[in-house]
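Scroll down for the structure; my scribbles are underneath it.
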Amino acid sequence: MKKNIFASVLSLCILGSFLVPFDSAKASYSPDQVVSVSKKYIGVRYKTGGMSPVGFDCSGFVSYSIKKATGKSLPRTAAQMFLIGKYIKKNSLEKGDLVFFSNGKKRASHTGIYVGNNKFIHSSSSKGVRIDSINGSYWKNKFIGGKRL
């Protein structure tokens, strides 16, 4: 009798495991969690090549925040990140989308995380992690698109 119960429970566990999504990071992606985690680092200084709260560059900050919030790993550079995910136009951005900017070379050279209301959080080379407007005088004409993971 105990063997039958054990076998039944084991069968249900095995069967149930096939119903769970294989990509648990994608299944648990929460834009609110991404934004919440990223805001914890406001004020952290900029550091070229930085990938930790000791100091972040833009892609290091985005990668670190996404990893902490979702467990999902991203490519190292803004240009590489721009190659993944679904392209999103400025007027369709949603909280948690990645945003990308170019300094005129037709490739992504800066990235951040959209927080809503035309604002994004990023690691600025002059002021560290902060929130800025996508429509601000510096960023408005540099915006090249968003990506939804």
_Hydrodynamic radius by Kirkwood, which averages 1/r over all alpha carbon pairs of the stretch 93-149, in angstrom_ = 11.2 Å
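Quick check: convex hull over the Cα atoms of the stretch 43-149, volume per residue in Å³, rounded to an integer? Walk me through the numbers on the way to the answer.
Working: hull volume 10.0 nm³, N = 107.
Taking the convex hull of the Cα positions in the stretch 43-149, it is 93 Å³ per residue.
Explain nothing, just the number: dipole magnitude of the stretch 61-149 about its Cα centre with +1 on each Lys and Arg Cβ and -1 on each Asp and Glu Cβ, in debye rounded to the nearest 20.
Magnitude of the dipole: close to 160 debye.
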*Accessible solvent surface per residue of the stretch 39-149, calculated while the other protein chains remain in place, 1.4 angstrom probe, Å²*: 52 Å²
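Of all accessible surface on the stretch 70-149 at a 1.4 Å probe, what whole percent is carbon and sulfur? Walk me through the numbers before you get to the answer.
Numbers: 1930 of 4180 Å².
The computed percentage sits at 46.
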*Heavy-atom accessible area of LYS105 with all protein chains present, probe 1.4 Å, nearest 10 Å²?*
140 Å²
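What ranking of THR111, THR48 comes out by heavy-atom accessible area, probe 1.4 Å, highest first? Walk me through the intermediate numbers first.
Details: THR111 0, THR48 115 Å².
From most accessible down to least: THR48, THR111.
Which entries of LYS67/LYS105; LYS90/LYS142; LYS47/LYS89; LYS72/LYS140; LYS119/LYS140 show an alpha-carbon separation above 19 angstrom in the structure shown? Intermediate values should be presented prior to the final figure.
Values: LYS67/LYS105 28 Å; LYS90/LYS142 12 Å; LYS47/LYS89 29 Å; LYS72/LYS140 29 Å; LYS119/LYS140 11 Å.
Listed pairs above 19 Å: LYS67/LYS105; LYS47/LYS89; LYS72/LYS140.
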*Taking all protein chains together and a probe of 1.4 Å, list ASP97, ASP32, ASP132 from the most accessible to the least accessible.*
ASP32, ASP132, ASP97
*Measure out, as a whole number of angstrom, how far apart the alpha-carbon centroids of the stretch 109-149 and the stretch 46-97 sit.*
11 Å
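The values are calculated or read from the model by the stated rules, or taken from the named source; none is laboratory data. Since the structure is predicted, the reported quantities are computational estimates derived from the model, not experimental observations. Note that we place each Cβ from the backbone using ideal geometry, even for glycine, and neighbour counts take in every protein chain shown. Areas reflect the complete protein model, heavy atoms only, side chains present, ligands, DNA and RNA absent. Shrake-Rupley method; radii C 1.70, N 1.55, O 1.52, S 1.80 Å.
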